[in-house]
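Enquirer: Next up is a structure, given as structure tokens.
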Amino acid sequence: MQQIIGWDVGGAHLKAARAENGVIVRAAQIACPLWLGAAELDRAFYEAESALGRAPLNAITMTGELCDAFATREEGVAGLAAIMVRLLGPGRAVFYAGRSGFVESHEIPGHASAIASANWHASAALTGMRVGSALFIDMGSTTTDIVPVAGSRPANRGFTDAERLLHGELVYCGLTRSFLMAGPKLVPFAGQWTPLMNEWFATMADVHRILGKLPDGADLMETADGREKSKAGSSARLARMIGRDSIEAGDTAWESLARFFAEAQLREIMDAVALVLSRGLIDVESPIVGAGIGRGVLGELSTRMGRRFIDFEDMIDATPEARSKACDCAPASAVALLASAHFPA
């Protein structure tokens with residue numbers, strides 16, 4: 001039996017997906033705040049290992065090299081790769097380098113820039129193999145990737161984070177970890193436009209929790225105030241953003257404010273989508289393929305833009321019990337499936 005585990009080493013989460021004979025059978029997402037130190041990866045790895053086991057071949061992609069535990073991205077790629085090779089031994093570890101495909105650990109110094117933050121490319125490449133022409137969007141906890149797929153391959157303009165930010169292919173907002181102070185500067189409340197406090201009082205996880213749209217298991221990080229993950233707790237944190245306590249207004253007022261933040265986030269993503277689509281690379285019949293924990297938001301975006309929506313989980317081969325989590329962990333699933341096609345059993 002061919003057994004491969006795909007790993008996506010992020011700055012906030014470690015994601016993993018196990019493929020057996022080209023089918024995803026298990027997937028897991030583990031909190032891994034690398035800004036606290038690279039030792040967090042060891043802890044998260046062993047937790048993932050207990051859920052997925054081990055495999056003789058491991059395909060690895062990453063974005064965690066950007067975290068401030070490392071002085072440079074190149075140092076981060078080398079550091080994370082060394083940790084993964086150590087943890088996975090004696091199993092084989094290969095690294096996804098975008099257009100260059102998979103490389104062995106000894107080839108990393110010559111491909112560091114291609115390995116850095118290439119997880120989106122793996123998902124878009126798999127989308128090209130399965131759909132041909134589409135707009136691939138992955139909304140995770142922190143960022144949203146927007147990648148046109150044409151001619152059965154990624155048709156992105158940017159490759160580095162800096163380039164992708166410029167071209168609208170990387171939007172730094174996600175379903176849970178985005179700070180509300182990074183969004184709109186004025187919000188409507190009690191009949192007035194109210195400035196926000198530039199403090200980490202609340203996140204988008206609080207917004208979606210208040211609206212009842214936060215998927216189970218999507219918010220793995222501590223809350224801003226260290227208090228409970230409940231609608232009341234989220235309302236209290238949201239109120240702090242405008243210098244209030246939640247007892248100063250009823251549930252309807254906080255729900256309306258949360259809805260404004262959610263709408264502002266959706267508009268930000270839609271603006272980037274409109275920019276990417278304006279290149280004319282894909283026709284109006286091409287669908288949006290949505291992945292990540294925020295694919296519910298992406299379904300709404302597709303409706304507004306008049307495009308057919310394909311859930312990434314319906315595009316991949318996965319067992320019923322693994323399908324949803326495999327979509328949450330789309331890059332890990334993608335590198336596992338790409339490696340299944342690339343390496344013989």
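The values are calculated or read from the model by the stated rules, or taken from the named source; none is laboratory data. No experiment lies behind these values; they were computed from the predicted model shown. We place every Cβ from the backbone using ideal geometry, glycine too, and count neighbours over all the protein chains shown. Protein only, heavy atoms only, side chains kept; ligands, DNA and RNA dropped before computing areas. Shrake-Rupley method; radii C 1.70, N 1.55, O 1.52, S 1.80 Å.
Enquirer: Once you put a point 7 Å from the Cα of Met1 and another 7 Å from the Cα of Thr319, both along the Cβ direction, what distance in nm separates them?
Expert: In this crude label model, Met1 to Thr319 measures out at 0.8 nm.
Enquirer: Moving to a separate point now. What does the net charge come to around Thr319 if you take all other residues with beta carbon closer than 12 Å to its beta carbon, with K and R at +1 and D and E at -1?
Expert: That works out to 0.
Enquirer: Separate question: How big, in percent, is the set of alpha carbon pairs in the chain lying more than 26 Å apart?
Expert: It works out to 48 percent of all Cα pairs.
Enquirer: I've got another one for you. On the full set of protein chains, 1.4 Å probe, figure out the accessible area of Asp216 and give it in Å² to the nearest 10.
Expert: 150
Enquirer: Hey, can you find the accessible area per residue of region 170-277 for me, probe 1.4 Å, expressed in square angstrom?
Expert: Accessible area per residue, region 170-277: 50 Å².
Enquirer: What number, in percent, do you get for the relative contact order of region 203-242 if the mean sequence gap of Cα pairs under 8 Å and at least 6 apart is divided by its residue count?
Expert: Once normalised by length, the contact order is 51 percent.
Enquirer: Quick check for you: which residues of region 228-249 have the amide N under 14 Å from the point 7 Å beyond the Cα of Glu199 toward its beta carbon?
Expert: 236-246
Enquirer: In what order, largest first, do Val289, Val25 sit by accessible area if the probe radius is 1.4 Å?
Expert: Val25, Val289
Enquirer: I want the local charge near Lys15. Using Cβ-Cβ distances under 13 Å, sum +1 for each Lys or Arg and -1 for each Asp or Glu among the other residues.
Expert: Charge balance in the 13 Å sphere: -1.
Enquirer: Summing Lys, Arg as +1 and Asp, Glu as -1, what charge do residues with Cβ under 10 Å from the Cβ of Ala205 carry, Ala205 excluded?
Expert: +2
Enquirer: Mark the label point 7 Å from the Cα of Val131 along Cα→Cβ and return the residues of region 308-336 whose backbone N is within less than 11 Å of it.
Expert: So the set is 308-316.
Enquirer: Give me the extension gain from Leu166 to Arg99: residue separation times 0.36 nm, minus the current Cα-Cα distance, reported in nm with one decimal.
Expert: Separation in residues times 0.36 nm, less the Cα-Cα distance, equals 22.1 nm.
Enquirer: Under a crude label model (7 Å from the Cα following the beta-carbon direction), how far is Leu275 from Asp68 in nanometres?
Expert: So the two model labels end up 2.5 nm from each other.
Enquirer: Still on this structure: Amide H to amide H under 5 Å from Arg26: which residues, 5+ apart in sequence or cross-chain, H placed 1.01 Å off N in plane?
Expert: Sorted by chain and number, the residues that satisfy this are Arg18.
Enquirer: If you don't mind, another one. Can you pull the three principal axis extents for the Cα set of region 168-270, in Å, largest first?
Expert: Here the Cα extents, ordered largest to smallest, are 39, 29, 22 Å.
Enquirer: Shifting gears a bit: Please give me, ordered by residue number, the trypsin sites (Lys or Arg not before Pro) of region 260-345 that lie in loop per DSSP and have at most 15 other Cβ atoms within 10 Å.
Expert: Arg279, Arg308
Enquirer: In terms of Cα to Cα distance under 28 Å, which lysines are near enough to Lys15, apart from those fewer than 8 places away along the same chain?
Expert: Lys213, Lys229, Lys231, Lys325
Enquirer: Would you mind getting me the FRET efficiency between Val284 and Glu107? Use the beta-carbon distance for r and R0 = 45 Å, nearest 0.05.
Expert: 0.60
Enquirer: Counting GluC sites (Glu not before Pro) as exposed when in a DSSP loop with at most 15 other beta carbons within 10 Å, what is the longest stretch of the chain free of them?
Expert: 1-198
Enquirer: Sequence gap at least 6, Cα distance under 8 Å: using those rules, report the relative contact order of region 173-258 to the nearest whole percent.
Expert: Relative contact order for region 173-258 comes out at 32 percent.
Enquirer: Output the peptides 232-244, 130-142 sorted from most to least packed, where packing is the average of other Cβ atoms within 10 Å over each peptide's residues.
Expert: 130-142, 232-244
Enquirer: Continuing with this model, one more query. Expressed in nm to one decimal, what extension gain is obtained for the pair Leu186 and Met305 from 0.36 nm per residue of sequence separation less their Cα-Cα distance?
Expert: In short, 40.2 nm is gained.
Enquirer: Could you pull out every whole DSSP H run in the chain that spans at least 30 Å of Cα extent along its own axis and averages -0.5 or higher on the Kyte-Doolittle scale?
Expert: 251-277
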